[in-house]
Amino acid sequence: MTVQLSNETIGRRGLMLVLSSPSGAGKTTLTRLLREQEPSLTLSVSVTTRPRRHSEVEGVHYRFIDVETFTLMRDRGDLLEWAEVHGNFYGSPRREIDKALASGQDILFDIDYQGAQQIRANAASDVVSIFILPPSIPEMRRRLERRAEDPPEMIARRLRTAIGELERWREYDYVLVNDDLERCFERLQAILVAERLRRERQPGLVAFTEGLMDDLRRSTS
């Protein structure tokens with residue numbers, strides 16, 4: 001029987017697409033666009049001890065928990081990664097992620113460099129990491145101010161923190177400058193397409209190519 005090429009025939013292990021950036025680089029907007037255009041891409045919903053913003057929905061943007069619950073999850077090993085950012089804790093629950101990857105589901109992570117480091121350490125072969133840079137510091141400040149979700153003292157704190165975050169760009173597989181949102185998003189999509197097609201992410205290729213060779217041998221014998 002002739003082997004037909006398809007994603008269902010070959011099969012594919014899911015990947016973890018990690019996006020990081022300093023505040024104001026546009027990562028959240030890119031994440032939203034990616035989810036709209038790539039409905040098969042699931043956003044990893046982190047747990048956090050940070051207070052919920054008025055624009056955020058429980059279970060959609062984050063799962064909001066107290067410090068005691070977070071500490072318990074961390075100490076039990078229930079988090080794939082965790083970090084303290086601006087005095088609050090964030091983490092990614094492990095069990096749901098492992099199950100999704102095994103079934104071929106791609107997971108999107110909107111996390112800082114501390115979380116990205118831990119994910120690479122725990123599951124390097126499954127990770128594709130992308131760092132988003134702002135076009136300039138004045139534009140980054142304007143974006144934070146336009147967001148109108150943080151008081152001035154928090155914006156100042158985010159800008160100070162950005163110094164250490166910007167130093168981490170070399171640790172990522174890809175780096176994009178978000179000077180034009182449409183162009184940056186197109187490049188982000190291109191990276192996702194290419195990484196989904198990597199040979200090592202398609203374990204069924206071995207059986208598929210062997211089937212092709214068997215068909216060829218039969219047809220030429």
(request) Go through the stretch 24-126 and tell me which strands (runs of 3 or more DSSP E), entirely inside it, have 1 or more residues that are of a type in the set (Gly, Ala, Ser). (result) 46-48, 79-85, 88-93
(request) Quick one: count up the residues across the stretch 187-221 that are surrounded by 11 or more Cβ atoms within 10 Å (Cβ to Cβ), of a type in the set (D, E, K, R) and under 30 Å from SER21 (Cβ atoms). (result) 5
(message) Just the residues that are surrounded by fewer than 14 Cβ atoms within 10 Å (Cβ to Cβ), touching a residue at least 40 places away in the same chain (Cβ under 8 Å) and either in contact with a helix residue (DSSP H, G or I) (Cβ under 8 Å, 6 or more places away or on another chain) or under 21 Å from THR31 (Cβ atoms) (or both), please, taken from the stretch 54-108.
(response) HIS54, SER55, HIS86, ASN88
(request) Give the residue that is nearest to the chain's Cα centre (by Cα), with candidates limited to residues of the stretch 28-67 that are closer than 19 Å to GLU81 by Cα and charged (D, E, K, R). (result) ARG63
(message) Can you pull out every residue in the stretch 168-181 that is free of Cβ contacts under 8 Å to residues at least 60 places away in the same chain and touching a Ser or Thr at 6+ places or on another chain (Cβ under 8 Å)?
(response) GLU171, ASP173, TYR174
(request) Working only within the stretch 127-140, note down all residues that are crowded, with 18+ Cβ neighbours inside 10 Å, more than 13 Å from the chain's Cα centre (by Cα) and outside any loop (DSSP other than H, G, I, E, B). (result) LEU133, MET140
(message) Taking the conditions exactly as written (in contact (Cβ under 8 Å) with a residue 24 or more places away in the chain, touching a strand residue (DSSP E or B) at 6+ places or on another chain (Cβ under 7 Å) and not in a loop (DSSP other than H, G, I, E, B)), does LEU144 satisfy them or not?
(response) no
(message) Take GLU182 and tell me if it is within 29 Å of ARG12 (Cβ to Cβ), loosely packed, with under 11 Cβ neighbours inside 10 Å and acidic (Asp, Glu).
(response) yes
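Please determine, by comparing only the residues of the stretch 110-167 that are polar (S, T, N, Q) and touching a Ser or Thr at 6+ places or on another chain (Cβ under 8 Å), which one is farthest from MET16 (Cα to Cα). Break it down into steps so the answer makes sense when it comes.
Here is the first cut: in the stretch 110-167, the residues polar (S, T, N, Q) are 114, 117-118, 122, 125, 129, 136, 161.
When the remaining residues are screened for being touching a Ser or Thr at 6+ places or on another chain (Cβ under 8 Å), the result is 129, 161.
On the way: SER129: 8, THR161: 25 Å.
Taking the candidates together, the pick is THR161.
A short reminder: the numbers here are calculations on the coordinates, not readings from a lab. Note that the structure is predicted; figures quoted are calculated from it, not measured. All Cβ positions, glycine included, derive from the backbone under ideal geometry; neighbour counts span all protein chains shown.
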